[in-house]
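> Just passing along the structure, written as structure tokens.
The values are calculated or read from the model by the stated rules, or taken from the named source; none is laboratory data. Source: prediction; values computed, not measured. So basically every Cβ, Gly included, is an ideal-geometry build from the backbone, and we count neighbours across all protein chains shown.
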Amino acid sequence: MATGIKRIYTDFKGVDFLEEPSLVDITRSPDALNVWKNYKDTQGACIETRPGYRKLAQIGTSAIYGIFIFSTSIAIVHSGNKLYEWNNFPNEPDTDNLVEIYSDMNNRRSYYNKVDEKLYINDGKTYLVYYNHVCKKVVNDDPFIPTTTISRTAGNIGGGETLQDVNVLTPKRTNSFCADGENKVFYLDTTEIDTEEVTAKVNDIEMTENTDFIVDRVAGKVTFNQTPAEPNLSGEDNIFITFSKTIEGYAERINKCTQALLFDNRLFFAGNPDYPNAVFHSELNNPQYISDLNYYEDGAGDSRITGMTVGNNILWVFKNLDQNNANVFYHEPTLDTEAGKIYPSKQGNVSIGCYAGSTNFQDDIVYLSRYGLEGVTTEKIDSRQVVAHRSTLVDVKMTNESGYEDACMVVWKGYLAVLVDGRIYLADSRQKYASLNSFEYEWFYWDISNSKPNILKEYDDELYIGAKDGSIFIIEGTNDNGETILSYWTTPMDNFGYDNQLKTTNKRGGITKLKTIQNGRIKIARRTDKSEEYKYTTEKSANGFKFDNINFANFSFVTTNKSYMIYKIKEKKINELSLKFYSDEKDKPFGIYSATIEAFIGGYIKK
């Protein structure tokens, strides 16, 4: 009598694009598209069709390079070389609600950081600030003017005490002096100053150049018409002179940075091609004051920084692949008795370089190398950082996508969404499995290429798509902006655990437990080792009982969250069988908890 075996497919995990289809674990799929686990609905108990996307707005006709939700009703959008204020977000804007606020943006991805009520923007061309519905260059927004030297004395060159560093965002600086009641001449702390007007305040009285004093710009000398009186309080500075001294390339240090990140109440900048290994940072709570000494060099100068990420009170800095040098550095806040808070550069122990950006994924510091997603872990014995791979199951497909170097990563609903050439690879933080020296994620695979995506943006648990044609979409609904979502899950080519014997399926042994979804409908097909294509088997409505948008042509009075589909599959003398659960109709998603099929084991395979 033939041996009977029952195969139950359940506890679905994700895709496995690495293995040969017959070697894939039965909880994974060798070929699945546009499915995921909706943890909000079913706590991950089933897989189902992904949500669709719906167009919200058309912002220009060029690629979307950046989206920042400034408030509940205002979004700042970078489209082509223009920056827009969309002030009725998320409703579709008209001419009154979409305002161009800047017209010289760089045609590349931009970074946004909100400090207090100002938004700071870096695009690799200009350091910008937005507030009160206006966008301008930071250098034109009255950046902080430092008092570089104090307690200088009249008539003397040099002297005094250094107080604050030069601000690279402005040529202006202030020197303060203590008048002696005898000298009219005061020397500044630099020579060859700019032609811009010099201003002065003596004993709280404003003085005007060429009226109250004259300036020798070459010598850096200010001569008052009348001798300034001594201060009321002996030894107190009572003369304040403000002047400009432009240093070539200072402002470009920040203007050319392509990355910016808020850390420890300071903005950190990197990606300047002129300083490929440099990390610059602002003063505390003041993005408009960046000292000319506030920078660190991470590793070799010919290896550029490709990612910055904050995690566990550490600023992680990732560099592109350099076989001769370290590729990961980190900065921890440290108190110095003289300099105050500093962020010394420390070299990590990771040698695999960062190819396409980094992020903090649920406290897992990850980055995209040329080989896939890497995670930085710490060995417990000596706290050394080591790299651990996270994406083995999708590497063969993800790393070979066109434009992998331009991948975009965002964290959304507990997933890490990696956008590459119109596809989204979803790493599931709630599904992990042990690897050689750490853990890896389970993954899902989506195709949203019809939207022509360029970037992703997460905000308030919503995911937005910025497209290459200026469109902006939101991920929601049951179709792709009016088009059908093709979604499917295939089981591995299953030999039922008997690789060397033939099988015959039991025609009465097939059942699938379905998720009840409004307008839901599922189809099933099968394929054997004797065929190249899947053959349609049956279909069923899995529609729940809701009167909202009910389609009565596809209606079922099911009130529970689960229903069942019986399918009859009769295949004789086969070695392997694969089932395909799918939806290919508009607005008819599917979800499955489990599937069962029975087979009888027969004679040995002869050839």
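> Return the residue satisfying two criteria in turn: it lies in segment 269-284 and is within 15 Å of Pro333 (Cα to Cα) and part of a loop (DSSP other than H, G, I, E, B), and of such residues it is nearest to the chain's Cα centre (by Cα). Working first, answer last.
Of the residues in segment 269-284, the ones within 15 Å of Pro333 (Cα to Cα) are 279-284.
With the extra rule that they be part of a loop (DSSP other than H, G, I, E, B), the set shrinks to 282, 284.
Values: Ser282: 22, Leu284: 24 Å.
Per the stated criteria, the residue is Ser282.
> Just for segment 299-314: of the residues that are polar (S, T, N, Q) and crowded, with 21+ Cβ neighbours inside 10 Å, which one is nearest to Asn325 (Cα to Cα)? Before the answer, list the steps.
Taking segment 299-314 and keeping what is polar (S, T, N, Q), we get 303, 306, 309, 312-313.
Checking the rest, the ones that are also crowded, with 21+ Cβ neighbours inside 10 Å come to 306, 309.
Details: Thr306: 15, Thr309: 20 Å.
Looking at residues that are polar (S, T, N, Q) and crowded, with 21+ Cβ neighbours inside 10 Å, I get Thr306.
Per-residue answers, yes or no, for (1) crowded, with 16+ Cβ neighbours inside 10 Å; (2) among the small types (Gly, Ala, Ser):
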{"site": "Ala388", "(1), (2)": "yes, yes"}
{"site": "Thr392", "(1), (2)": "yes, no"}
{"site": "Glu405", "(1), (2)": "no, no"}
{"site": "Leu416", "(1), (2)": "yes, no"}
{"site": "Leu419", "(1), (2)": "yes, no"}
{"site": "Ala434", "(1), (2)": "no, yes"}
{"site": "Asn450", "(1), (2)": "no, no"}
{"site": "Asn454", "(1), (2)": "yes, no"}
{"site": "Tyr464", "(1), (2)": "yes, no"}
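> What residue, among those in segment 67-119 that are polar (S, T, N, Q) and in contact with a Leu (Cβ under 9 Å, 6 or more places away or on another chain), is surrounded by the most Cβ atoms within 10 Å (Cβ to Cβ)? So that I can check it myself, show each step before the final result.
The initial filter retains those residues of segment 67-119 that are polar (S, T, N, Q), namely 71-73, 79, 81, 87-88, 91, 95, 97, 103, 106-107, 110, 113.
Okay, now just the ones that are also in contact with a Leu (Cβ under 9 Å, 6 or more places away or on another chain), so 87-88, 91, 103, 110, 113.
Numbers: Asn87: 18, Asn88: 15, Asn91: 12, Ser103: 10, Ser110: 23, Asn113: 18.
Across segment 67-119, the extreme among qualifying residues is Ser110.
> Six or more apart or on different chains, Cβ atoms under 8 Å: show the pairs whose first residue is in segment 323-348 and touching a residue at least 12 places away in the same chain (Cβ under 8 Å) and whose second is outside any loop (DSSP other than H, G, I, E, B) and acidic (Asp, Glu).
Pairs that qualify, where the first residue is touching a residue at least 12 places away in the same chain (Cβ under 8 Å) and the partner is outside any loop (DSSP other than H, G, I, E, B) and acidic (Asp, Glu), are Ser345/Glu297.
> Further, regarding this structure: Give segment 493-531 a look and list any residue that's small (Gly, Ala, Ser) and either surrounded by 16 or more Cβ atoms within 10 Å (Cβ to Cβ) or at pLDDT 95 or above (or both), or say none.
Result: Gly509, Gly510, Gly520, Ala525.
> Further question on the same structure: Among (1) modelled with pLDDT of 95 or more; (2) of a type in the set (Ser, Thr, Tyr); (3) under 24 Å from Lys586 (Cβ atoms), there is one condition Tyr9 misses while meeting the rest; what is its number?
Going through (1) modelled with pLDDT of 95 or more; (2) of a type in the set (Ser, Thr, Tyr); (3) under 24 Å from Lys586 (Cβ atoms) one by one, Tyr9 breaks only (3).
> Still on this structure, please answer the following. For Ala57, which of the numbered conditions (1) exposed (fewer than 15 other Cβ atoms within 10 Å of the Cβ); (2) over 20 Å from Ser487 (Cα atoms) fails to hold?
(1)
> Only one residue in Glu338, Glu374 is assigned to a strand (DSSP E or B) and of a type in the set (D, E, K, R), so which one is that?
Numbers: Glu338 fails: assigned to a strand (DSSP E or B).
Within the list Glu338, Glu374, the selection yields Glu374.
> Being modelled with pLDDT of 90 or more and either out of contact with any His (no Cβ under 6 Å at 6 or more places or on another chain) or outside any loop (DSSP other than H, G, I, E, B) (or both), is that true of even one residue in segment 543-564? Before the answer, list the steps.
Within segment 543-564, the subset modelled with pLDDT of 90 or more is 564.
Subset that is either out of contact with any His (no Cβ under 6 Å at 6 or more places or on another chain) or outside any loop (DSSP other than H, G, I, E, B) (or both): 564.
Yes, segment 543-564 has at least one match.
> Would you mind stating whether Thr490 is at pLDDT below 95, among the polar types (S, T, N, Q), closer than 30 Å to Lys570 by Cβ and in contact with a Lys or Arg (Cβ under 7 Å, 6 or more places away or on another chain)? Lay out the reasoning, then the answer.
On the way: at pLDDT below 95: no; among the polar types (S, T, N, Q): yes; closer than 30 Å to Lys570 by Cβ: yes; in contact with a Lys or Arg (Cβ under 7 Å, 6 or more places away or on another chain): yes.
The answer is no for Thr490.
> Can you tell which of Gly160, Gly124 is surrounded by 16 or more Cβ atoms within 10 Å (Cβ to Cβ) and modelled with pLDDT under 95? Before you say what the answer is, go through the steps one by one.
Numbers: Gly124 fails: modelled with pLDDT under 95.
Only one candidate passes the filter, namely Gly160.
> Another question, if that's okay. Which count do you get for residues in segment 124-162 that are part of a loop (DSSP other than H, G, I, E, B) and more than 38 Å from the chain's Cα centre (by Cα)? Spell out how you get there, then give the answer.
The initial filter retains those residues of segment 124-162 that are part of a loop (DSSP other than H, G, I, E, B), namely 124-126, 132-133, 141-146, 154-160.
Now restrict to residues that are more than 38 Å from the chain's Cα centre (by Cα): 154-160.
Number of matching residues: 7.
> State the number of residues belonging to segment 400-442 that are of a type in the set (Lys, Arg), under 16 Å from Phe361 (Cα atoms) and part of a strand (DSSP E or B). Explain how you work it out, then say what you get.
Residues of segment 400-442 that are of a type in the set (Lys, Arg), as a first pass: 413, 423, 430, 432.
Retained after the next criterion (residues that are under 16 Å from Phe361 (Cα atoms)): 413, 430, 432.
Cutting the leftovers down to part of a strand (DSSP E or B) gives us 430, 432.
Result for segment 400-442: 2.
> Test Phe269 against the criterion of being farther than 25 Å from Thr162 by Cα and surrounded by 14 or more Cβ atoms within 10 Å (Cβ to Cβ), and give yes or no.
On the way: farther than 25 Å from Thr162 by Cα: yes; surrounded by 14 or more Cβ atoms within 10 Å (Cβ to Cβ): yes.
Yes.
> Regarding Tyr296, is this residue in a loop (DSSP other than H, G, I, E, B), surrounded by fewer than 22 Cβ atoms within 10 Å (Cβ to Cβ) and under 24 Å from the mean Cα position of the chain (by Cα)?
Details: in a loop (DSSP other than H, G, I, E, B): no; surrounded by fewer than 22 Cβ atoms within 10 Å (Cβ to Cβ): yes; under 24 Å from the mean Cα position of the chain (by Cα): yes.
Spelling it out, it is not the case that Tyr296 is in a loop (DSSP other than H, G, I, E, B), surrounded by fewer than 22 Cβ atoms within 10 Å (Cβ to Cβ) and under 24 Å from the mean Cα position of the chain (by Cα).
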